[in-house]
Ligand SMILES: [Zn+2]
């Protein structure tokens, strides 16, 4: 019952997912502090899949140019001191990760397949099409991994768990635009559904990630913090106390300010 309410409240149409300048609005530093490098920060590559399903997903990603679309706008705005590769490949498991050794973000074809199945299995007529939610969740994961990469490249001090910091970075950045909100909502649904499948007799408290349900609430909390009016109803449905709601607003503001400070010197909004 609760799950249906959540999915209904969260789900809304997502029409495209390349990120606009709005994502970075308010971050750009003054003219004198702008970086002079023009090297694209991100290059998208593909490793040929070996399995039939892997090849299908690879074909889908190449046809839709999802990663390229997500990053082409970013490449005109964000200029990092070290370039990064976003490689799409078959991994043998549902995964995505950042590899500091070769400055590479790996997005596994299996993760795309997992998202397509996950969102296709949602019996909610008001939810966006599975492909659209998949694109949104992939955007969330991509920004999460970029968060890890920034911690590495820019020597960002992380006070707390880096996995939480990466989730927060992805969420506050996506919360800058309407399509980004829809992307973060898709990710929230992913964690919510995942929490329903959790084996509660054997919870991995040792894991470096927060539990799925905690990740769900953390995303929702920051989305509410970024736009209280739009999420007030959801907070009520989820029985989140007003005291916590107020903290969500503070957490969003602080997280955004902190990341803004960190990436500001590398953002150049075209005139
Ligand atoms: Zn991570």
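The values are calculated or read from the model by the stated rules, or taken from the named source; none is laboratory data. Quick caveat: nothing in here was measured; it's all calculated off a predicted structure. In this analysis, Cβ positions are derived from the backbone assuming ideal geometry, glycine residues included, and neighbour counts consider all displayed protein chains.
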Exactly one condition in (1) away from the ligand (no atom under 16 Å from the Cβ); (2) crowded, with 21+ Cβ neighbours inside 10 Å is not met by residue 155; state its number. (2)
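Out of the residues in the range 158-172 meeting the condition of being crowded, with 23+ Cβ neighbours inside 10 Å, closer than 21 Å to residue 265 by Cβ and within 15 Å of the ligand (Cβ to nearest atom), tell me which one is nearest to the chain's Cα centre (by Cα). First the steps, then the outcome.
Kept after step one, since they are crowded, with 23+ Cβ neighbours inside 10 Å, are these residues of the range 158-172: 166-172.
Narrowing further to those that are closer than 21 Å to residue 265 by Cβ: 166, 168-170, 172.
Those left that are additionally within 15 Å of the ligand (Cβ to nearest atom): 166, 168-170.
Working: 166: 9, 168: 9, 169: 8, 170: 4 Å.
By that ranking, first place goes to 170.
Do we have any residue at all in the range 55-64 that's assigned to a loop (DSSP other than H, G, I, E, B), out of contact with any strand residue (DSSP E or B) (no Cβ under 6 Å at 6 or more places or on another chain) and without any contact (Cβ under 8 Å) to a residue 60 or more places away in the chain? Walk me through it before giving the result.
Looking only at the range 55-64, we keep the residues that are assigned to a loop (DSSP other than H, G, I, E, B), and these are none.
No: zero hits.
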When you scan the range 67-78, how many residues do you find that are out of contact with any strand residue (DSSP E or B) (no Cβ under 8 Å at 6 or more places or on another chain) and either closer than 17 Å to residue 268 by Cβ or part of a loop (DSSP other than H, G, I, E, B) (or both)? 3
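Can you tell which of 234, 223 is in contact (Cβ under 8 Å) with a residue 24 or more places away in the chain and over 30 Å from residue 155 (Cα atoms)? Before the answer, list the steps.
Values: 223 fails: over 30 Å from residue 155 (Cα atoms).
Just one listed residue meets the conditions, 234.
Name the single residue, out of those in the range 84-103 being more than 17 Å from residue 166 (Cβ to Cβ) and not in a loop (DSSP other than H, G, I, E, B), that is farthest from the chain's Cα centre (by Cα).
In the first step, residues of the range 84-103 are kept if they are more than 17 Å from residue 166 (Cβ to Cβ); the result is 85, 87-94, 101-102.
Filter once more, so that each one left must be not in a loop (DSSP other than H, G, I, E, B): 85, 87-89.
Working: 85: 17, 87: 17, 88: 16, 89: 19 Å.
Selected residue: 89.
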Selected residue (criterion: surrounded by the fewest Cβ atoms within 10 Å (Cβ to Cβ)) from residues of the range 45-63 that are closer than 19 Å to residue 114 by Cβ and in contact with a helix residue (DSSP H, G or I) (Cβ under 8 Å, 6 or more places away or on another chain): 53
If I ask for residues that are touching a helix residue (DSSP H, G or I) at 6+ places or on another chain (Cβ under 6 Å) and away from the ligand (no atom under 16 Å from the Cβ), which ones from the range 79-114 would you list? 79, 80, 82, 88, 90, 109, 112, 113
Per the filter on the range 128-138, residues surrounded by fewer than 21 Cβ atoms within 10 Å (Cβ to Cβ) and part of a loop (DSSP other than H, G, I, E, B) are 129
Of 94, 141, which residue is more than 22 Å from residue 264 (Cα to Cα) and in contact with a strand residue (DSSP E or B) (Cβ under 8 Å, 6 or more places away or on another chain)? 94
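Would you tally the residues in the range 191-208 being within 16 Å of the ligand (Cβ to nearest atom) and at pLDDT below 90?
5
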Of the conditions (1) crowded, with 19+ Cβ neighbours inside 10 Å; (2) part of a helix (DSSP H, G or I); (3) modelled with pLDDT of 95 or more, residue 106 clears all except one; give me its number. (2)
